[in-house]
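Quick notes on the structure that follows.
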Ligand code: GLC
């Protein structure tokens, strides 16, 4: 068990300072993690072991001249979306006027397709129902499927789920051919004219969308509910053509500065020991790390002194990434609503608010610096002397919306690469998981 960082704190202020020291990551540590990450990439690619799965996508970089109209299914961590995408003369248009999307879990508790009680058929019927909102039984389309979970691909259209991540547990999907499950569900709805032809990870979709317009794009990443990165590999192994590799980097676990809170979170997660990096940096988990810190502070009498043992912060899963965002952005109205109505803290003291904001920022900065370390690892692998330009295409709610997150990734890269960091561009690439599926289908010439 990691050391008790708060053992010597006599006040809330001292406790926050101790936490900040403990969670801080100097540039030397970033470089150490980057090098461990680079080695893990090589190990995963050629020796097929180590923490990075290095999964083949069988997709290359698009030319920007791909054309056609395709259906895209985006099955992410939080919702499922269906889009009709047209590619023509380098232009991308979404043809459906209204978004066709549905949450995987109903916040009101009416349904939840992510539980063990849900079968593969029920989950894929739910997806096929969404497709039916956009397509009639007499229409024919090629479908690209972005499936954002670790999957072993045999070819561009055959992927079997290795394991669920992001706390999804639906039964009967692990080990199955995902696009076959989708094809069967579409047939059950009378949509046999819709043909799934390609399956890809959301990181791969993100890279494809950026590369459609930007010749320097060679890395794609998601910083949202989950975290993962892919990149374009010139030498994926003997007899294999250059292709994009989905690293499943959320499962990286070497040299990470794991605290006792990370350990606690891991132990109570669905898969202890798995996806350790993801549990330190992604929207699914960052709120829970904050809650565990607050529990520790409250248990030691350093914060929320009058809180009931059954009230906040002792009940689980009440702190979300959105809460961290509200605290950091100092949106006073939203903060009052959150503290008083959601967390039931009637009168937070000023020093408590300062502490909450500092802890939220500290976690976001650590997440950003950890993610930056892995990007630096990828750059070391693909361009060891850093001689060319690279665009890292990034999508996801944390990257787009969490105050300070993208800025701190950039700052960490600047700190390490100094003036050579101008060769590296971080590019917010929205909707990679939707549009990317259409581009993937188009690169295959359907
Ligand atoms: C999880 C999934 C991975 C996905 C990432 C972002 O880490 O395992 O496949 O890319 O979340 O959605």
Residue within region 15-30 that is modelled with pLDDT of 95 or more, within 24 Å of the chain's Cα centre (by Cα), within 14 Å of residue 237 (Cα to Cα) and in a helix (DSSP H, G or I) present: no
Subset of region 276-308 [in a helix (DSSP H, G or I) and without any contact (Cβ under 8 Å) to a residue 12 or more places away in the chain]: 299
Selection count where residues are without any contact (Cβ under 8 Å) to a residue 24 or more places away in the chain, closer than 22 Å to residue 220 by Cα and assigned to a helix (DSSP H, G or I), scope region 40-58: 1
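Quick grid of which residues meet (1) in a strand (DSSP E or B); (2) within 13 Å of the ligand (Cβ to nearest atom):
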| residue | (1), (2) |
| --- | --- |
| 131 | no, no |
| 192 | no, no |
| 198 | yes, no |
| 205 | no, yes |
| 208 | no, no |
| 215 | no, no |
| 232 | yes, no |
| 236 | no, no |
Test: residue in region 174-190 that is over 14 Å from residue 391 (Cα atoms) and part of a strand (DSSP E or B): yes
Pick from region 133-151, criterion under 20 Å from the mean Cα position of the chain (by Cα) and not in a strand (DSSP E or B), ranking: surrounded by the fewest Cβ atoms within 10 Å (Cβ to Cβ): 150
Selection count, region 88-129, where residues are assigned to a loop (DSSP other than H, G, I, E, B), under 29 Å from residue 166 (Cα atoms) and in contact (Cβ under 8 Å) with a residue 60 or more places away in the chain: 1
Residue count, region 329-358 (criterion: out of contact with any helix residue (DSSP H, G or I) (no Cβ under 9 Å at 6 or more places or on another chain) and either part of a loop (DSSP other than H, G, I, E, B) or on the phi > 0 side of the Ramachandran plot (or both)): 1
Matching residues in region 238-272 - criterion: being in a loop (DSSP other than H, G, I, E, B), farther than 17 Å from residue 376 by Cβ and more than 15 Å from the ligand (Cβ to nearest atom): 238, 239, 240, 241, 242, 258, 259, 272
Extreme residue, surrounded by the fewest Cβ atoms within 10 Å (Cβ to Cβ), among residues of region 379-406 that are closer than 14 Å to residue 220 by Cα and within 16 Å of the ligand (Cβ to nearest atom): 399
Close pairs from region 250-262: first under 13 Å from residue 36 (Cβ atoms), partner outside any helix (DSSP H, G or I), Cβ under 7 Å, at least 6 apart: 252/51; 252/52; 253/51; 254/51; 257/25
Residue that is more than 16 Å from the ligand (Cβ to nearest atom) and either part of a strand (DSSP E or B) or modelled with pLDDT under 95 (or both), where the choices are 166, 154: 154
Within region 410-446, tally of residues that are under 30 Å from residue 31 (Cβ atoms), more than 16 Å from the ligand (Cβ to nearest atom) and part of a helix (DSSP H, G or I): 14
Residues of region 60-93 satisfying the condition of being under 28 Å from residue 283 (Cα atoms) and either modelled with pLDDT under 95 or within 16 Å of the ligand (Cβ to nearest atom) (or both): 72, 73, 74, 75, 76, 77, 78, 79, 80, 81
Test: residue 66 is in contact (Cβ under 8 Å) with a residue 24 or more places away in the chain and closer than 20 Å to residue 203 by Cβ: yes
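The values are calculated or read from the model by the stated rules, or taken from the named source; none is laboratory data. Keep in mind it's a predicted model, so treat the numbers as computed, not measured. Every residue, glycine among them, receives a Cβ derived from its backbone with ideal geometry; neighbour counts consider all protein chains shown.
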